[in-house]
Amino acid sequence: SIPLGYFGGIGAGSRQGILFKGSVFLDLITQVKTVVMDKTGTLTQGVFKVQDVQTSGISEHELTRLTVALESKSTHPVATAILAYAGTGEPLLPAENVEEIPGHGLKGTVGGKTVLAGNAKLLRKFNIPFDENLTTIPFTVVMVAVEGRFAGSLTIADQEKDDAAETVKQLHRMGLKTVMLSGDKATVVQAVAQNVGVDEAVGDLLPEDKVREVERLKQALSANPKQKLAFVGDGVNDAPVVALADVGIAMGGLGSDATIETADVVIQTDQPSKIATAIKIGKATRQIVW
Ligand code: ADP
Ligand code: MG
């Protein structure tokens, strides 16, 4: 039979918007030593705003309408920003054969033209030359290529969540190590890392690189079987790392279905501070059970 304390813990969690998918995770979460977090949507709001548009060889209007048509097929936070920027004034051009390349961006046919919209990795993948200075700006830059040529860029910015830095402090006070992983470019990732105060941060990661990083961090804990790793993420790309973590945590009402399904713990609000709350509930439950 399951000790009463576990029901108390699961109930306490649900009142805080924290869903433990079994009493075993109330226990495991108390053994977490390293907390690995995704950046976009977990420590940052995931609400990007277009700050600047630069064009090369085409008009701003043309660049925007080709990009918007392509991004209308994506639910990535970057796509949401570009759609919001363009507004609803003009009908969308038809976009066909749109392919989302994880960690890179989009490729498709818009008004009969091949359009790419994504990061430096995407343009390099298709051998399209661009100004390398764009990679040094501490903002997310969506580069656009039309018919195989660089056509311009949209600079977009996200913001840290209000409780991100405080959460990291709390986790440190609990003696935990904090790591941030992101597919966003390294300059953006380092700037956010500094603001929120995580111990380690790695950017420019493809989904498979995130898996490798989590394996490395798990390996570093393997000498002590009582030291576990938690991963917290929200995106569709996060499902593999959520599965790999000892305690996989999905975050936010906007989290992808795959990630929520794979997770051991679901935080139903978008507050990272609930990570610390979840650990505290685990610890309190343990004191009742043991
Ligand atoms: P994160 O790890 O920060 O959640 P992702 O792996 O989801 O990041 O995406 C990594 C990068 O790929 C983004 O920062 C962006 O530059 C690019 N990207 C992804 N999806 C899109 C898209 N729909 N349009 C343009 N760029 C995109
Ligand atoms: Mg993400």
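A compact table of results
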| read-out | value |
| --- | --- |
| Charge dipole (debye, nearest 20) of the stretch 78-219; +1 at Cβ of Lys and Arg, -1 at Cβ of Asp and Glu | 300 debye |
| Kyte-Doolittle mean at least -1.0 and Cα axial length at least 18 Å: DSSP H helices in the chain | 273-289 |
| Nitroxide proxy distance, nm - points 7 Å out along Cα→Cβ at Leu206 and Gln219 | 1.9 nm |
| The stretch 49-157 - Rg and Dmax from Cα coordinates, angstrom | 12.3, 34 |
| Extreme residue, positive dipole direction of the chain, given options Thr109, Val192, Ala95 (C-beta unit charges) | Val192 |
| Net charge of neighbours whose Cβ lies under 12 Å from the Cβ of Ala145, counting Lys and Arg as +1 and Asp and Glu as -1 | +4 |
| Estimated FRET transfer efficiency when R0 is 22 angstrom, pair Leu92-Ser59 (beta carbons, to 0.05) | 0.80 |
| Förster radius 30 Å - calculated FRET efficiency between Ala165 and Arg124, Cβ distance, rounded to 0.05 | 0.35 |
| Loop trypsin sites (Lys or Arg not before Pro), the stretch 167-253, which have at most 10 other Cβ atoms in a 10 Å radius of their Cβ (DSSP) | Lys226 |
| Within the chain: Cβ-based charge dipole about Cα centre, in debye rounded to nearest 20 (Lys, Arg +1; Asp, Glu -1) | 1040 debye |
| For the stretch 173-288, alpha-carbon Rg and Dmax in angstrom | 14.2, 46 |
| Sorted peptide list for 268-275, 129-136, 13-20, criterion being average Cβ within 10 angstrom, highest first | 268-275, 13-20, 129-136 |
| Mean ellipticity per residue at 222 nm, deg cm²/dmol - from DSSP H runs of n ≥ 4 across the chain, formula -39500 (n - 2.57) | -11500 deg cm²/dmol |
| Charge-dipole axis of the chain as Lys and Arg at +1 and Asp and Glu at -1 on Cβ define it, positive-most pick from Gly252, Phe25, Gln287 | Gln287 |
| For the stretch 4-33 and the stretch 63-84, distance of Cα centres in Å | 39 Å |
| Fully extended contour minus Cα-Cα distance, from Arg173 to Lys113, at 0.36 nm per residue | 16.2 nm |
| Over the chain - Rg/Rh using Cα atoms and the Kirkwood inverse-distance radius | 1.03 |
| Diffusion constant of the stretch 142-240 at 20 °C, which comes from Stokes-Einstein with the Kirkwood Cα-pair radius and 1.002 mPa s, µm²/s | 138 µm²/s |
| Inter-site label distance for Gln194 and Thr75 at 7 Å from Cα along Cβ, in nm | 3.5 nm |
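Throughout, read-outs are computed from the coordinates displayed, never taken from laboratory work. Quick caveat, the model's predicted, so the values are computed rather than measured. Positions of Cβ are backbone-derived with ideal geometry, glycine not excepted, and every protein chain shown enters the neighbour counts.
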